[in-house]
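The values are calculated or read from the model by the stated rules, or taken from the named source; none is laboratory data. Predicted, not measured: the structure shown is a model, and the values here were computed from it. For neighbour counting, all protein chains shown are included, and Cβ atoms are generated from backbone atoms with ideal geometry for every residue, glycine included. When the accessible area is computed, the model is the full protein with side chains, heavy atoms only, and any ligands, DNA or RNA have been set aside. Shrake-Rupley method; radii C 1.70, N 1.55, O 1.52, S 1.80 Å.
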Amino acid sequence: MRKALVAGNWKMNGSSDSNKHLLEGIIKESASFSSVDVALFPPSVYLQQVQEALVSTELAWGTQNLSQFEKGAYTGEISAPMLNDFGCSYVLIGHSERRCLYAEIGLDQLILDYIIAEKYAVAIQAGITPIICIGESPEEHEQGKTEEVIARLVDIVIAQNGVQALSQAVLAYEPVWAIGTGKSATPEWAQEVHSFMRERIYKHDPETAESIQILYGGSVKGDNAAPLFSMPDIDGGLIGGASLDADEFVKICQAAVSY
Ligand code: PEP
């Protein structure tokens with residue numbers, strides 16, 4: 001039986017004051033979702049604030065990205081050893097908002113998949129659980145390319161690092177057309193894609209396929225979380241906008257309790 005995980009991606013939002021309020025609101029209710037793994041992803045300038053607030057709770061924290069390099073002349077980047085300094089348990093890798101940014105400077109999606117596989121290996125080596133985000137763009141969705149996009153990254157990650165390494169990772173299906181649009185995928189659609197991801201891994205290693213947590217992300221709110229989480233291959237959610245509101249985020253965590 002896989003444990004549910006709910007991850008809150010704050011993106012570039014927050015301030016010291018609003019974070020304090022948000023953290024207090026979540027911590028106050030955390031006994032009501034103690035059977036669920038919960039992790040928060042603040043902007044990295046607030047890592048210390050989040051670490052101090054969560055260190056004596058069951059809640060975990062991490063960053064929204066990491067560099068594939070250990071140190072050096074990479075302005076604006078953050079390394080895995082730095083994440084270790086702040087007690088991060090998780091890191092988001094390959095979020096579509098990062099992909100779009102890099103695509104703008106000319107990297108194609110295939111090269112990005114290789115970079116994501118490198119970042120994933122660096123996180124695993126540092127003992128940090130990577131949450132690898134995968135999802136099709138609106139155009140790819142229209143063209144029926146969902147499985148092709150997902151298979152490409154899953155295959156590269158397995159080829160570069162071996163299937164066993166995946167047992168220390170989390171996957172997140174995040175259709176780009178559903179992120180921040182208010183148009184969540186239906187539970188049935190998401191289930192079909194999650195099942196495809198699990199089967200792809202199953203061919204290499206049934207045990208890893210059974211144990212890996214696969215999250216759904218894309219406009220999850222308090223009122224649509226339960227039907228999504230009730231699907232057999234959906235093991236929780238990666239939450240953007242709704243993770244900025246304590247009541248809404250708590251509702252989502254509670255929906256994962258009985259999943
Ligand atoms: C995300 O940023 O990963 C995300 C799923 O955002 P939202 O929940 O706002 O769609």
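Hey, got a sec? Which chymotrypsin sites (Phe, Trp or Tyr not before Pro) in region 1-74 land in a DSSP loop and have at most 16 other Cβ atoms within 10 Å?
Working: sites: W10, F33, Y46, W61, F69, Y74; in loops: W10, F69, Y74.
When the chymotrypsin sites (Phe, Trp or Tyr not before Pro) of region 1-74 are filtered for loop state and at most 16 Cβ neighbours within 10 Å, F69, Y74 remain.
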For the chain, give me the percentage of DSSP beta bridges that are antiparallel, rounded to the nearest 5 percent. 0 percent
Tell me, what ³J(HN,Hα) does each residue in region 182-199 have, in order and in whole Hz, if you take phi through Karplus 6.51 cos²θ - 1.76 cosθ + 1.60 with θ = phi - 60° and put x for Gly and Pro? x, 9, 5, 5, 6, x, 5, 5, 4, 4, 4, 5, 4, 5, 4, 4, 5, 5
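Averaging sequence separations of C-alpha pairs under 8 Å and six or more residues apart, then dividing by the length of the chain, give the relative contact order as a whole percent. Mind showing how you got there, number by number?
Numbers: 488 pairs, mean separation 58.2, N = 259.
Once divided by the residue count of the chain, the mean separation gives 22 percent.
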Using a 1.4 Å probe and counting only protein heavy atoms, arrange Y120, Y259 so the residue with the most accessible area comes first. Y259, Y120
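Let me have the 222 nm mean residue ellipticity of the chain computed from DSSP H runs of 4+ only, each contributing -39500 (n - 2.57), with the sum over all residues rounded to the nearest 500. Please report the intermediate quantities before stating the final value.
Values: 11 runs with 111 residues, N = 259.
Rounded to the nearest 500, the figure is -12500 deg cm²/dmol.
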Under a 10 Å cutoff between Cα atoms, tell me which one of D155, D247, D223 has the largest fluctuation in the Gaussian network model of the chain. D223
Do you know the relative contact order of region 66-214, to the nearest whole percent, from alpha carbon pairs under 8 angstrom that are 6+ apart? 22 percent
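Roll a 1.4 Å probe over the protein chains and send me the accessible area per residue for region 5-255 in Å².
Accessible surface, normalised per residue, equals 45 Å².
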Any aspartates and glutamates whose Cα falls less than 17 Å from that of K71, other than same-chain ones fewer than 8 residues away, would be D85, E118
Between the DSSP loop rule and a limit of at most 13 other Cβ atoms within 10 Å, which trypsin sites (Lys or Arg not before Pro) in region 36-140 are left? K71
If I model a spin label as a point 7 Å beyond the Cα along the Cα-Cβ vector, how far apart are those points for S230 and A159 in nm? 4.0 nm
Once you treat every alpha carbon in the chain as an equal point and sum by Debye, what is log10 I(q)/I(0) at q = 0.08, 0.14, 0.17 Å⁻¹? -0.28, -0.92, -1.42
Which residues in region 61-88 have a backbone N closer than 12 Å to a point placed 7 Å from the Cα of Q125 along the Cα-to-Cβ line? 68-71, 80-81
How many angstrom separate the Cα center of region 170-206 from the Cα center of region 217-259? 14 Å
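Which percent of the accessible heavy-atom area of the chain goes to carbon and sulfur, probe 1.4 angstrom?
Numbers: 6100 of 11780 Å².
Solvent-exposed carbon and sulfur of the chain make up 52 percent of the total.
If the chain between E147 and K71 were fully stretched, how many nm would it gain, using 0.36 nm times the residue separation less the Cα-Cα distance?
Numbers: separation 76, 0.36 × 76 = 27.36 nm, distance 3.54 nm.
Working it through step by step, the gained length comes to 23.8 nm.
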Of the GluC sites (Glu not before Pro) in region 54-157, those whose Cβ has at most 15 other Cβ within 10 Å and which sit in DSSP loop: E58, E70, E77
Would you please give the FRET efficiency between E139 and T186, computed as 1/(1 + (r/R0)^6) with r the Cβ-Cβ distance and R0 = 25 Å, to the nearest 0.05? 0.80
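Exceeding 26 Å between C-alpha atoms, which entries from my cross-link table qualify? They are K3/K251; K11/K119; K20/K119. Walk me through the numbers before you get to the answer.
Details: K3/K251 17 Å; K11/K119 19 Å; K20/K119 30 Å.
Going by Cα-Cα distance, K20/K119 fall outside the 26 Å limit.
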